[in-house]
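**Student:** Okay, here's the structure, questions in a sec.
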Amino acid sequence: MEAHSLRLKQEAHITESYRKLAVNLEYANIDGNIKTVMITSSMSNEGKTTTISNLSCVMAELNKKILLIDLDLKKPAVHKYFNLTNSIGLADLLLNKGKYNEYIHNIQPGLDVLTSGRVPSNSTEIINSKAIKDLLKELSSYYDYIFLDTPPVILVSDPINIAVYSDAVILAVAYSEVDKETIKKSVNILRQVNANIIGTVFNKVPLSNHNKHYYYY
Ligand SMILES: Nc1ncnc2c1ncn2[C@@H]1O[C@H](COP(=O)(O)OP(=O)(O)OP(=O)(O)O)[C@@H](O)[C@H]1O
Ligand SMILES: [Mg+2]
């Protein structure tokens with residue numbers, strides 16, 4: 001994606017923090033047990049889509065094969081990030097099956113994106129379907145990582161269900177927008193389903209805190 005790469009070039013320190021995030025994910029996966037990684041947050045607008053999209057680009061640049069799937073069926077936005085149409089996507093693929101390349105967009109070498117498609121009202125049924133678990137299993141042989149964008153864990157139950165079939169969870173936190181208690185609540189909700197929380201990414205950190213954006217594992 002030209003526009004996207006351009007944006008990465010403009011803000012080198014931000015690119016650098018996504019690279020560090022990528023390297024940390026690789027360390028978290030030193031034993032190679034992690035294939036499906038979801039991102040969630042406590043509340044809306046904490047930088048989930050931005051983080052997972054940038055992480056996908058950076059990972060692809062590190063020669064990993066990445067598939068990013070928009071599983072935020074409540075507020076799909078990955079297509080906007082990559083300037084893609086969302087007229088077909090995951091929802092259609094699950095219904096019609098068949099050739100993945102009719103549904104999956106190649107963005108840059110190593111990076112494929114599956115948008116949500118037109119989401120029916122019963123999105124929770126899609127999230128909990130055997131079809132989606134089978135699809136992830138089948139696609140996993142083609143990719144090093146499958147990244148999943150999901151809704152906020154306190155507001156919507158979908159991410160809890162997605163955590164059950166994800167190998168790892170990244171928690172996005174909008175620094176100074178969400179208090180500690182709320183973050184603890186999210187962690188507890190995820191722990192109840194034995195989610196493997198491998199890291200927290202702090203977004204929207206004020207520039208005065210030196211780095212606009214950082215994270216820890
Ligand atoms: N690290 C960051 N620093 C500053 N602003 C950021 C950062 N990450 C994301 N943003 C901005 O915050 C807003 C929300 O980002 P994004 O859409 O990625 O959040 P989200 O958690 O996916 O939201 P939603 O809950 O609506 O899905 C956007 O305007 C985005 O540009
Ligand atoms: Mg989002």
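The values are calculated or read from the model by the stated rules, or taken from the named source; none is laboratory data. None of these values were measured; they are calculated from a predicted model. All Cβ positions, even for glycine, are placed from backbone atoms using ideal geometry, and neighbour counts span all protein chains on display. The accessibility values were calculated without ligands, DNA or RNA, using every heavy atom of the protein model including side chains. Shrake-Rupley method; radii C 1.70, N 1.55, O 1.52, S 1.80 Å.
**Student:** In Å², and per residue, what accessible area does the chain have when probed at 1.4 Å with the other protein chains present? Walk me through the intermediate numbers first.
**Tutor:** On the way: 10490 Å² over 217 residues.
Accessible surface, normalised per residue, equals 48 Å².
**Student:** Counting just the Cα atoms, what span does the range 98-217 cover along each of its three principal axes? Round to the nearest Å and put the largest first.
**Tutor:** 50, 34, 26
**Student:** Right, here's the next one. What do you get for Rg/Rh of the chain when both radii come from the Cα atoms and Rh is the Kirkwood radius? Mind showing how you got there, number by number?
**Tutor:** Numbers: Rg = 16.2 Å, Rh = 17.3 Å.
Ratio of gyration radius to Kirkwood radius for the chain: 0.94.
**Student:** As I understand it, the dipole of the chain uses +1 on the Cβ of Lys and Arg and -1 on the Cβ of Asp and Glu, about the Cα centre. Which of 190, 128, 107 lies farthest toward its positive end?
**Tutor:** Final value for the positive-end residue is 190.
**Student:** Starting from the Cα of residue 35, draw a straight line to each of the aspartates and glutamates and keep only those under 18 Å, dropping any in the same chain fewer than 8 residues away.
**Tutor:** By straight Cα distance, residue 35 reaches 26, 61, 70, 112, 134, 138, 144, 149, 167.
**Student:** Below 8 Å, C-alpha to C-alpha, sequence gap of six or more: please give me the relative contact order for the range 117-195 in percent.
**Tutor:** Details: 35 pairs, mean separation 23.6, N = 79.
About 30 percent, as a whole number.
**Student:** Report the Cα centroid-to-centroid distance between the range 37-59 and the range 121-142 in angstrom, as an integer.
**Tutor:** So the separation of the two Cα centres works out to 20 Å.
**Student:** With the cut-off at 23 Å, tell me which of the pairs 64/204; 137/184; 64/184; 74/133; 65/133; 80/204 have Cα atoms farther apart than that.
**Tutor:** Details: 64/204 27 Å; 137/184 31 Å; 64/184 32 Å; 74/133 19 Å; 65/133 20 Å; 80/204 20 Å.
Beyond 23 Å: 64/204; 137/184; 64/184.
**Student:** Please give the charge dipole size of the range 1-148, origin at the Cα centre, charges +1 on K and R Cβ atoms and -1 on D and E Cβ atoms. Round to the nearest 20 debye. If you can, show how the numbers build up before the last one.
**Tutor:** Details: 17 positive and 16 negative charges, 36 e Å.
Dipole size: approximately 180 debye.
**Student:** In nm, what is the difference between 0.36 nm times the number of residues separating residue 133 and residue 31 and their Cα-Cα distance?
**Tutor:** Numbers: separation 102, 0.36 × 102 = 36.72 nm, distance 2.26 nm.
Length gained between residue 133 and residue 31: 34.5 nm.
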